[in-house]
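Read through the structure below, which is laid out as structure tokens, and then see the notes.
The values are calculated or read from the model by the stated rules, or taken from the named source; none is laboratory data. Owing to the predicted nature of the structure, the values given are computational and were not obtained by experimental measurement. Quick reminder, even Gly has a Cβ in these numbers, built from the backbone with ideal geometry, and neighbours come from all protein chains shown.
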Amino acid sequence: MTSRGRGAGFTLLELLIAVAIFSLLATACYRLFKSVSRTHEVSSALWEQNGDIQRALLILNKDFAQLIPRPIRNEFGDKEASLVAASNGNVVMSKAGWRNFTGEKRSNLQRVGYRVDGGRLIRRYWNTMDRAPDTPYVEQVVLDNVQGFVLRFRDEKKRWQNSWPPSSDKQSERLLMLPSAVEYTIEHQRLGKVQQLVVGPGFVFKEQEAKPPAPGPQSGPQSGPDGRPAPPSGDETSSGDATIYPGGAGG
């Protein structure tokens, strides 16, 4: 066999082997890149959905935590309770804490409503508490892909109600009644059921009254009329300067 010269090139077989190895490496790199890209897309979508649900829960919790006993007059001139909720998840409420960053001439109280329409949880609010037929309102999409929105309210008798206000003998009381707690459940298309419990303004924390401790026996020797230690009460007896306990002696 003759040795290959310095200027000789690769054989066809060597080129084919090199191309095959390069193809395998390129295929492996492409699959790895595709897998990483897919993972990044899924993670980004999950992060976006998680951010959307967290934002929705923040808005809902804040609204329910700021309920106030403020009835209104609706566009028909009829009185409407501070909180009105139907069993289908539609709810309208009066709340405080509406910040006024622009310094507009309005109250810090707000009338807010929630409903599910076309798979979207929609928040509606009015610029005034008492409404006229032409009072404008603003709607915001709080969350998409919503399949259900269920509300429950806890009354003063610790019973859960699916609608609000509960029955009462006096109409004026129904207008001002607020629950002690609000539980809502969002059924999301991808995240499943998300449930939250918000403590309402009617919830009362009952603290146990602190009772002073009962006076116990005073520690230390007690002095008698002659200045000597008095014998302790009970089965203890005194013998000289030592205290004798039944069954043994103390020093």
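Does any residue in segment 49-70 that is over 15 Å from residue 151 (Cβ atoms) come within less than 6 Å, Cβ to Cβ, of a residue that is buried (at least 16 other Cβ atoms within 10 Å of the Cβ) and among the polar types (S, T, N, Q) six or more places away or on a different chain, and which pairs are these?
68/94; 69/82; 70/82; 70/94
Would you check if there is a residue in segment 180-189 being touching a helix residue (DSSP H, G or I) at 6+ places or on another chain (Cβ under 6 Å) and within 27 Å of residue 117 (Cβ to Cβ)?
Taking segment 180-189 first, the residues touching a helix residue (DSSP H, G or I) at 6+ places or on another chain (Cβ under 6 Å) are 182.
In the following step, the residues that additionally are within 27 Å of residue 117 (Cβ to Cβ) were identified as 182.
Yes, there is a match, as at least one residue in segment 180-189 is touching a helix residue (DSSP H, G or I) at 6+ places or on another chain (Cβ under 6 Å) and within 27 Å of residue 117 (Cβ to Cβ).
Which members of segment 100-116 meet the condition of being among the charged types (D, E, K, R), surrounded by fewer than 16 Cβ atoms within 10 Å (Cβ to Cβ) and in contact (Cβ under 8 Å) with a residue 12 or more places away in the chain? First the steps, then the outcome.
Step one: of segment 100-116, the residues among the charged types (D, E, K, R) are 104-106, 111, 115.
Retained after the next criterion (residues that are surrounded by fewer than 16 Cβ atoms within 10 Å (Cβ to Cβ)): 104-106.
Correct list: 106 only.
Any residue at all in segment 227-236 that is out of contact with any helix residue (DSSP H, G or I) (no Cβ under 8 Å at 6 or more places or on another chain), of a type in the set (S, T, N, Q) and either modelled with pLDDT of 80 or more or surrounded by 13 or more Cβ atoms within 10 Å (Cβ to Cβ) (or both)? Give the derivation first.
Kept after step one, since they are out of contact with any helix residue (DSSP H, G or I) (no Cβ under 8 Å at 6 or more places or on another chain), are these residues of segment 227-236: 227-236.
Retained after the next criterion (residues that are of a type in the set (S, T, N, Q)): 233.
This time we only want the ones that are either modelled with pLDDT of 80 or more or surrounded by 13 or more Cβ atoms within 10 Å (Cβ to Cβ) (or both), so: none.
Within segment 227-236, not a single residue is out of contact with any helix residue (DSSP H, G or I) (no Cβ under 8 Å at 6 or more places or on another chain), of a type in the set (S, T, N, Q) and either modelled with pLDDT of 80 or more or surrounded by 13 or more Cβ atoms within 10 Å (Cβ to Cβ) (or both).
Tell me which of these residue 73 doesn't satisfy, since it passes every other one: (1) touching an Asp or Glu at 6+ places or on another chain (Cβ under 6 Å); (2) farther than 16 Å from residue 199 by Cα; (3) crowded, with 19+ Cβ neighbours inside 10 Å.
Status for residue 73: all satisfied but (3).
So, in segment 122-146, of the ones that are touching a Leu at 6+ places or on another chain (Cβ under 6 Å) and β-branched (Val, Ile, Thr), which residue ends up nearest to residue 104 (Cα to Cα)? Working first, answer last.
At the first step, the residues of segment 122-146 found to be touching a Leu at 6+ places or on another chain (Cβ under 6 Å) are 129, 142-143, 146.
Still in the list and also β-branched (Val, Ile, Thr): 142, 146.
On the way: 142: 24, 146: 34 Å.
Filtering first and then ranking leaves 142.
Here is a list: 97, 119. Which entry is under 24 Å from residue 186 (Cβ atoms), loosely packed, with under 14 Cβ neighbours inside 10 Å and touching a residue at least 60 places away in the same chain (Cβ under 8 Å)? Don't jump to the end; show me each part of the working.
Numbers: 97 fails: touching a residue at least 60 places away in the same chain (Cβ under 8 Å).
Exactly one of 97, 119 is under 24 Å from residue 186 (Cβ atoms), loosely packed, with under 14 Cβ neighbours inside 10 Å and touching a residue at least 60 places away in the same chain (Cβ under 8 Å), namely 119.
Kindly check whether there is at least one residue in segment 160-182 that is surrounded by fewer than 18 Cβ atoms within 10 Å (Cβ to Cβ), small (Gly, Ala, Ser) and in a strand (DSSP E or B).
Looking for residues that are surrounded by fewer than 18 Cβ atoms within 10 Å (Cβ to Cβ), small (Gly, Ala, Ser) and in a strand (DSSP E or B), one finds at least one in segment 160-182, hence yes.
Residue by residue through segment 1-60, note down the ones that are β-branched (Val, Ile, Thr), modelled with pLDDT under 85, over 30 Å from residue 196 (Cβ atoms) and surrounded by 10 or more Cβ atoms within 10 Å (Cβ to Cβ).
Here is the first cut: in segment 1-60, the residues β-branched (Val, Ile, Thr) are 2, 11, 17, 19, 21, 27, 36, 39, 42, 53, 59.
Remaining after also requiring modelled with pLDDT under 85: 2, 36, 39, 42.
Next, only the ones that are over 30 Å from residue 196 (Cβ atoms) stay: 2, 36, 39.
Scanning segment 1-60 gives 36, 39.
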